[in-house]
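See structure below.
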Amino acid sequence: MPVAIITGASKGLGRALAEALAVRGWDLVLDARGAEALKEAAESASGHGTRVEALPGDVTDAGHRAALVAAARRLGGVDLLVSNASALGAEPLVRLAELPLEGLRRALEVNVVAALGLVREALPLLRRSPAGAVVAVSSDAAAEAYGTWGGYGASKAALDQLAAVLGVEEPGLRVWAVDPGDMATDLYAAAVPDDTDPRPEPAAVAPAFLRLLDERPASGRYAAPALLEQR
Ligand SMILES: NC(=O)c1ccc[n+]([C@@H]2O[C@H](COP(=O)([O-])OP(=O)(O)OC[C@H]3O[C@@H](n4cnc5c(N)ncnc54)[C@H](OP(=O)(O)O)[C@@H]3O)[C@@H](O)[C@H]2O)c1
């Protein structure tokens, strides 16, 4: 069975992706910092009959990233790496004039540096996969100038560029940066607590990612709402 590593898989989009892949028989390595919620997510995914390794830890920890890849190797390799864990830099979000530089550093460390660190760790196994793929979960804040989203958006723009160049440098892989669109998750609530407009649940967005896996379009940047519309 193919093996996926998904970061930030204890809730929100990461958990929805884990469920969707488990239903399809993927073996999974899942991570998040909070051990209890991660264990619960792993138990739910393994209920579909696949092997699921849950490793609590922070993606900014190089030893933890190595442990994630080692766990995948024990399951048979890495066919898909989903860099989904993310930091906002400030909760709630604030204008750049008030953004603590430590917050920006943290967003860059989690969203960019750790994502590249994990890709580098997994690359030898990804290259060996018959259908190796990397998904970098991005945001429309990477491309649009929304007030208060500057630090987070800058980190996602950097992630997009890493993904774009990786796609060029690794023509044997698919590398997709994916903007999932707004979703009803804890991250969104922490970013803009006063915004209570209804938003799609992550489970409704996961099929966009499955479509990429099914159709394997060229490496590049994709938006989940558009992928879902074309279904
Ligand atoms: N929600 C939206 O509207 C929206 C829109 C555009 C893009 N996105 C992107 O979609 C992705 C998923 O976000 P979400 O909305 O599903 O968020 P979420 O529900 O808050 O889930 C985030 C997950 O990441 C984990 N995590 C956070 N920091 C981590 C770290 N340093 N190391 C390991 N795990 C970590 C969290 O668990 P712990 O806290 O226990 O570690 C949790 O499992 C993110 O990349 C986000 O930027 C979201």
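When Tyr188 is tested against (1) touching a residue at least 12 places away in the same chain (Cβ under 8 Å); (2) under 22 Å from Ala206 (Cα atoms); (3) within 14 Å of the ligand (Cβ to nearest atom), just one condition goes unmet, and that condition is (1).
Considering only residues in region 78-93 that are more than 15 Å from the ligand (Cβ to nearest atom) and either among the aliphatic types (A, V, I, L, M) or open to solvent by less than 10 Å² (accessible area, probe 1.4 Å) (or both), the one that is farthest from Arg128 (Cα to Cα) turns out to be Leu80. Residue check: Asn111 meets all listed conditions (1) within 11 Å of the ligand (Cβ to nearest atom); (2) open to solvent by 70 Å² or more (accessible area, probe 1.4 Å) but one, namely (2).
Within region 139-175, which residues are of a type in the set (A, V, I, L, M, F, W, C) and touching a Gly at 6+ places or on another chain (Cβ under 7 Å)? Within region 139-175, Ala141, Ala142, Leu173, Val175 qualify. Highlighted here are the helices (runs of 4 or more DSSP H) found entirely within region 107-212 that include at least 1 residues which are under 20 Å from Arg65 (Cα atoms) and among the aliphatic types (A, V, I, L, M): 114-128, 150-169. Consider region 13-39 and keep the residues that are of a type in the set (Gly, Ala, Ser), under 16 Å from Thr185 (Cβ atoms) and open to solvent by less than 30 Å² (accessible area, probe 1.4 Å). The one that is nearest to the ligand (Cβ to nearest atom) is Ala32. Restricting the search to helices (runs of 4 or more DSSP H) fully inside region 1-86 and requiring at least 3 residues that are closer than 15 Å to Leu118 by Cα and in contact (Cβ under 8 Å) with a residue 12 or more places away in the chain gives 62-75. When the residues of region 191-208 are filtered to those that are hydrophobic (A, V, I, L, M, F, W, C) and more than 17 Å from the chain's Cα centre (by Cα), the one that is nearest to the ligand (Cβ to nearest atom) is Ala191.
On the stretch given as region 87-107, residues that are acidic (Asp, Glu) and free of Cβ contacts under 8 Å to residues at least 24 places away in the same chain total 2.
For region 1-12, taking the residues that are over 10 Å from the mean Cα position of the chain (by Cα) and more than 9 Å from the ligand (Cβ to nearest atom), the one that is most open to solvent (accessible area, probe 1.4 Å) is identified as Met1. Does Ala42 satisfy the condition of being more than 8 Å from the ligand (Cβ to nearest atom), farther than 24 Å from Gly172 by Cα, at pLDDT 95 or above and buried (at least 18 other Cβ atoms within 10 Å of the Cβ)? The answer is yes for Ala42.
The values are calculated or read from the model by the stated rules, or taken from the named source; none is laboratory data. Quick caveat: nothing in here was measured; it's all calculated off a predicted structure. Because the Cβ atoms are built from the backbone with ideal geometry, glycine has one as well, and the counts that use them run over all protein chains shown. Only protein heavy atoms, including side chains, enter the accessible area calculation; ligands, DNA and RNA are left aside. Shrake-Rupley method; radii C 1.70, N 1.55, O 1.52, S 1.80 Å.
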